[in-house]
Amino acid sequence: MTPFQSPAFRRLWGSSLASAGAQGLERTATAWLALETGGGAFAIGLIFAARMLPSLLFGLTAGTIADRMDRRRQLIIVAGVALLLMVIFSWLIGTGGLRIWQVVAFSFAAGCLQVFDTPARQALVMDTVDREAGPRALALNALATRFAVAFGALGAGALIAWIGVAGCYWVVAGAYGLTAALVASLHVPQARRLLLAPPPFRQAFRDAARLVIDIPMVRILIIAGVACEIFAFSHMSALPLFAQNVLAAGAEGLGTLNAAAQVGGAIAVTLLSLLPSRGRQQPLLGAIFVFYGLSILALGATHNLLIATIILFIIGMCAGAFDLLQQTLIQLAVPDEQRGRAVGLWVLSVGSAPIGHLEMGLLIAALGAPLALLINGGLTLATAIILLARTPSYRWALWTRPKSREL
């Protein structure tokens, strides 16, 4: 059975398009708003850190809740609150006198909503299809997310020039309203729902934490994810000032860079969805980790908008593939009844991102965006090489030393 044969998956996929498009619009608009309010390199890093901090604070909690309550209802609540938040923030911008701390607070609130959306949405994807079709369904959902975020980011550049930053948030609010309507209309087949009563919250929370201790694959994925978040994904904090000061590009240039990264991620997810579901995915994740570091090094060395756009496309491919492979492997490594908590652990690893964004902001303030990118690109590459050296399962077979050879 292909995922699109499931009516529930089709509606969930459509809601992912709307939600991700809203995120692409909002992130680009917020990054540009930070520049308009006089935020420097550290302030922009602080805004990105505030968005990712909820992953660290609430990631495990959000995953545990997704295993205990109606995931569909959880997504509807999140979309409804997001709609209200965007309307309020748009009104606040329109009143004038917006302060940078208010943008930071808004980013934190938006990050909280995304944290409670991700585990429920990812686990619900697996609920709508057979387990065998699960990896492909996750890839298709990630594909929808990447393309929608790309179009949202690209559209934000045009919308800012047309209707202003405040108007962008009204468009975002409408997209979240569509998200809530689509999720409300889907029905998960009864056979996909867990028949066992969920354990008490405290026990479920402890069980989620023990996944890192008891399952080596989960532990390796979390460690790799934390390192990648700190050194690689933090490149996003450099893009606003990199676009403005190094590439001499305005809001449209920033939107183009963000869109290129998202399109690259979408292409990577498309290619991954075509791979056989039974193939080994750990070596692929290890190779992508290496290319991620090399791409960030290349970005730091360029001063041309076209070349930077191409490099951001490659960086987006690495980011999208790394995210999807990590989410897929961590869900397949645990029992079905703990999939929400497994995704919660992945979200928790994403919570290390504030460290990277703050570090990137400090590096940019002290050394400039190009040198900051070169430093973190080198650290990403070094971390990937350490992973490959210490974990044979993440290396291709031709890189490993054969045990013996029969004559």
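Within segment 305-326, is there a residue that is modelled with pLDDT of 90 or more, outside any helix (DSSP H, G or I) and out of contact with any helix residue (DSSP H, G or I) (no Cβ under 7 Å at 6 or more places or on another chain)? The answer is no, given that none of the residues of segment 305-326 is modelled with pLDDT of 90 or more, outside any helix (DSSP H, G or I) and out of contact with any helix residue (DSSP H, G or I) (no Cβ under 7 Å at 6 or more places or on another chain).
What number of residues within segment 100-135 satisfy the criterion of being without any contact (Cβ under 8 Å) to a residue 24 or more places away in the chain and among the polar types (S, T, N, Q)?
Looking only at segment 100-135, we keep the residues that are without any contact (Cβ under 8 Å) to a residue 24 or more places away in the chain, and these are 101-102.
Applying the additional criterion that residues be among the polar types (S, T, N, Q) yields 102.
So the answer is 1.
In the condition set (1) modelled with pLDDT under 85; (2) within 22 Å of Gln244 (Cβ to Cβ); (3) buried (at least 22 other Cβ atoms within 10 Å of the Cβ), Glu26 is compliant with all but (1). So is Arg219 part of a helix (DSSP H, G or I), among the basic types (Lys, Arg) and more than 23 Å from Ala153 (Cα to Cα) or not? It is true that Arg219 is part of a helix (DSSP H, G or I), among the basic types (Lys, Arg) and more than 23 Å from Ala153 (Cα to Cα).
Of the residues that make up segment 89-99, is at least one out of contact with any helix residue (DSSP H, G or I) (no Cβ under 9 Å at 6 or more places or on another chain), in contact (Cβ under 8 Å) with a residue 12 or more places away in the chain and not small (Gly, Ala, Ser)?
Taking segment 89-99 and keeping what is out of contact with any helix residue (DSSP H, G or I) (no Cβ under 9 Å at 6 or more places or on another chain), we get 95-97, 99.
If we keep only those that are in contact (Cβ under 8 Å) with a residue 12 or more places away in the chain as well, we get 99.
From the residues that got through so far, the ones that are not small (Gly, Ala, Ser) too are 99.
The answer is yes, given that some residue of segment 89-99 is out of contact with any helix residue (DSSP H, G or I) (no Cβ under 9 Å at 6 or more places or on another chain), in contact (Cβ under 8 Å) with a residue 12 or more places away in the chain and not small (Gly, Ala, Ser).
Is it the case that Leu85 is under 16 Å from Gly177 (Cα atoms) and either touching a Lys or Arg at 6+ places or on another chain (Cβ under 9 Å) or without any contact (Cβ under 8 Å) to a residue 60 or more places away in the chain (or both)? Yes, satisfied. Taking first residues from segment 388-400 that are closer than 20 Å to Gly225 by Cα and of a type in the set (A, V, I, L, M, F, W, C) and partners that are at pLDDT 70 or above and in a loop (DSSP other than H, G, I, E, B), the Cβ contacts under 6 Å between residues at least 6 apart in sequence or on separate chains come to Leu388/Arg395.
When segment 143-165 is examined, which residues are found to be aliphatic (A, V, I, L, M) and either surrounded by fewer than 18 Cβ atoms within 10 Å (Cβ to Cβ) or in a loop (DSSP other than H, G, I, E, B) (or both)?
Residues of segment 143-165 that are aliphatic (A, V, I, L, M), as a first pass: 143-144, 148-150, 153-154, 156, 158-161, 163, 165.
The answer is Ala158, Ala161, Ile163.
Take the conditions buried (at least 21 other Cβ atoms within 10 Å of the Cβ), assigned to a helix (DSSP H, G or I) and in contact with a helix residue (DSSP H, G or I) (Cβ under 7 Å, 6 or more places away or on another chain) and apply them to Ala43. Does it pass? So Ala43 does not fit the description; no. Ser55 - would you say it is of a type in the set (Ser, Thr, Tyr) and either outside any helix (DSSP H, G or I) or crowded, with 24+ Cβ neighbours inside 10 Å (or both)? Yes.
The values are calculated or read from the model by the stated rules, or taken from the named source; none is laboratory data. Model, not experiment: these values are computed from the prediction. Backbone-built Cβ (ideal geometry, glycine too); neighbour counts: all protein chains shown.
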